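First the structure, in the form of C-alpha cells, and then the observations on it.
The values are calculated or read from the model by the stated rules, or taken from the named source; none is laboratory data. Please read these numbers as outputs of a predicted model, since none were measured by experiment. With ideal geometry, Cβ positions are generated from the backbone for all residues, glycine too; neighbour counts draw on all protein chains shown.
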Amino acid sequence: MVNLTSGKLTVRANNSSLSEILHEISKTSGMKVEGLQTSGGGQRIFGIYGPGAPRDVLSELLDGAGYNVLMLGVTSSGAPRELALTVRSNGTAAPTAQPQPDNANQNDDSEGDAEPTQYPDENQQNVAPPPALPEGRRTPQQMLEELQRQRQQQQEQQQDQQPN
C-alpha cells in the first residue's frame, strides 16, 4: 500500500514486489520510472517505509536492491519527477556522495520542463575521458549516458516493430 499526502510518502509492504511498489508510487505521484528490471519475478519487499520525504523513502526502499539510483527533478507531490535505475555490476556498492556544484535551480522544476542539456558527441576529438573509477562504479554522467543508450535502443525496437 502506498500513501502520498502532504508531501509525505508511506509504503507498507507485506511480500510486495519492488516493481509493483514503484509502479504504484509512479501512478500516485506522477513520477516516471526507468530501468526497472522485472526479470526473475521481482524482488519481494516487507516492512513499513516512511512516512517521510519521498526521496528519503525511495532511497530507503531501494537500499540494497542492487540498483544505482538517480532521482531527477520534483513533481508537485514532492516525489522525484524521474527515477532512473541501472543494475549494479558485480554487486559493488554505489559510489559515495560527491559534493555537487552550487546551483540553486538544480532540482527546481516549478517553471516547467527546461530543455535538456546538450552534451558533446561521443565521437568528438577534444573530449577528455572521465577519470577512472574502481571496477563496477560509474559516474552519474556514465549512468545518464547508459540510460540514454537504452532509451534509444527501445525507440529503435519500437520503430522496427511498427508495420510500414
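Annotation for region 67-83: no member residue is loosely packed, with under 15 Cβ neighbours inside 10 Å and free of Cβ contacts under 8 Å to residues at least 12 places away in the same chain. Scanning region 20-38 for residues that are within 20 Å of Met143 (Cβ to Cβ) and not in a loop (DSSP other than H, G, I, E, B) gives Leu22, Ser26, Lys32, Val33, Glu34. Counting only residues that are assigned to a helix (DSSP H, G or I) and within 11 Å of Thr86 (Cβ to Cβ), region 136-148 holds 7 of them.
Can Val74 be described as at pLDDT 90 or above, under 16 Å from the mean Cα position of the chain (by Cα), closer than 24 Å to Arg137 by Cα and of a type in the set (Val, Ile, Thr)?
Spelling it out, it is not the case that Val74 is at pLDDT 90 or above, under 16 Å from the mean Cα position of the chain (by Cα), closer than 24 Å to Arg137 by Cα and of a type in the set (Val, Ile, Thr).
Considering region 11-22, and only residues there that are surrounded by fewer than 16 Cβ atoms within 10 Å (Cβ to Cβ) and of a type outside the set (Gly, Ala, Ser), the residue that is nearest to the chain's Cα centre (by Cα) turns out to be Glu20.
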